[in-house]
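Before any comments, here is the structure.
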Amino acid sequence: MSRRPAPFRGNLGDVDLRLLRLFATVAEAGGFTAAEAELQVGLSTISKQLKALETRLGVTLCRRGRGGFALTDQGRSVLAAVRQLLSALEGFRERINNIHTEITGDFNLGLIDTLVTDSNFRLPRVLAAAKRRAPRAQVNICVDPPNLLEKAVLEERLHAAIVPVHQRLPGLNYRFLYAEQNNLYCAETHPLYSYCPDEVPVEMLMGCEVVGRSYAEQDEARQLAGGFVRTATANDVEGVALLVLTGRYIGYLPDHYVRATHFALPLRPVQPRRFGYAVEFELATRARAPLSPSALNVLTELAHEYGLAMGV
């Protein structure tokens, strides 16, 4: 009665892996001679190493002789297992290497509302490019009034914010991105509507109630230059639009937002050559703050898109 070979035991070491790779090369080449050039070792060495592997595994892997080279049934099973093992090892190696090179982590960005309808606001393209380069990085968007966003950047709760700049805060760096045109608007039910845009009587204009953006009070006051009664405020563009649609107020809105939005009532600008003005949007980042790889990835792409000298 033949003695049954002992099952394979123990852990695989470097020697085992080298022998398994040799066997896979010989099997895929179709024989010792065909594998000799690729392995760059002699036939006798290949034969000895393959025999050592058979002894280690307790199986006969192939037939070799005058009839040519052929895998045994066991050899074919071992070859399939070796391919699976080597593939897993390569995947492990790639994953470990990626730990050192792959961009991961969060990027926290602050925005004010109603920016996406502006063709100058190219952040969707920026984030798409950054995501292609760092598919496992996470982007978090916070929408708030500018003063809250700048405070969050200073406190390092946000990496950056895109804001209309009304005053430059110490500790932040600001870089110009683009300008947004704003105009004073009224709704169809407002007394000025039929006279707009340019034929508004001065006496009617001076008696109008104005809704203002709380974060742009000084800018809007300079444009209006007195004579208007500010009787309502809102901390975002949507709030201004809501009050303008009552027909009781006039208020500043971005032109792109008005063009793109299907309001319940049509809106018209009020003397745009007199009251219209450009709002400059800038990228605010904390001065001298170290950047995470995910933040650096997005900000570098943003700098490329807008032609900024970021120093990142």
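Could you list all residues from the stretch 139-190 that are without any contact (Cβ under 8 Å) to a residue 24 or more places away in the chain, charged (D, E, K, R) and under 17 Å from TYR215 (Cβ atoms)? Listed by number, the residues that qualify are LYS151, ARG168. Restricting the stretch 151-185 to residues that are over 21 Å from the mean Cα position of the chain (by Cα) and among the aliphatic types (A, V, I, L, M), the residue that is modelled with the lowest pLDDT is VAL165. Answer yes or no: is there a residue in the stretch 105-125 that is out of contact with any helix residue (DSSP H, G or I) (no Cβ under 9 Å at 6 or more places or on another chain), surrounded by fewer than 16 Cβ atoms within 10 Å (Cβ to Cβ) and within 28 Å of VAL240 (Cβ to Cβ). For the stretch 105-125, residues out of contact with any helix residue (DSSP H, G or I) (no Cβ under 9 Å at 6 or more places or on another chain), surrounded by fewer than 16 Cβ atoms within 10 Å (Cβ to Cβ) and within 28 Å of VAL240 (Cβ to Cβ): present. What do you reckon, is ALA264 of a type in the set (A, V, I, L, M), under 29 Å from PRO170 (Cα atoms) and either assigned by TED's automatic domain parsing to the domain that holds VAL116 or modelled with pLDDT of 95 or more (or both)? Criteria not met by ALA264.
Are any residues in the stretch 203-254 under 20 Å from VAL163 (Cα atoms), out of contact with any Pro (no Cβ under 6 Å at 6 or more places or on another chain) and either among the aromatic types (Phe, Trp, Tyr) or not assigned by TED's automatic domain parsing to the domain that holds THR114 (or both), and if so, which ones? Passing the criteria: only TYR252. Residues that are closer than 30 Å to ALA134 by Cβ and hydrophobic (A, V, I, L, M, F, W, C) do not occur anywhere in the stretch 246-263.
Residue by residue through the stretch 137-177, note down the ones that are outside any loop (DSSP other than H, G, I, E, B), touching a strand residue (DSSP E or B) at 6+ places or on another chain (Cβ under 6 Å) and farther than 24 Å from SER294 by Cα. Hit for the stretch 137-177 is PRO164, nothing else. Taken over the stretch 270-280, residues that are surrounded by fewer than 21 Cβ atoms within 10 Å (Cβ to Cβ) and either in a strand (DSSP E or B) or among the β-branched types (Val, Ile, Thr) (or both) amount to 4.
Remark: pairs (first residue in the stretch 256-280, under 15 Å from LEU243 (Cα atoms); second residue among the charged types (D, E, K, R) and outside any helix (DSSP H, G or I); Cβ separation under 7 Å; 6+ apart in sequence or on different chains) = LEU265/GLU188; PRO266/GLU188. Selection within the stretch 178-201: residues that are among the hydroxyl-bearing types (Ser, Thr, Tyr) and assigned to a strand (DSSP E or B). The member of this set that is surrounded by the fewest Cβ atoms within 10 Å (Cβ to Cβ) is TYR178. Against the conditions (1) among the aliphatic types (A, V, I, L, M); (2) at positive phi; (3) at pLDDT 90 or above, ALA225 satisfies every one except (3). Looking only at residues of the stretch 24-60 that are part of a loop (DSSP other than H, G, I, E, B) and among the aliphatic types (A, V, I, L, M), we find that the one that is farthest from ARG83 (Cα to Cα) is VAL41.
The values are calculated or read from the model by the stated rules, or taken from the named source; none is laboratory data. Everything quoted here is computed from the prediction, not taken from an experiment. Every residue, glycine among them, receives a Cβ derived from its backbone with ideal geometry; neighbour counts consider all protein chains shown.
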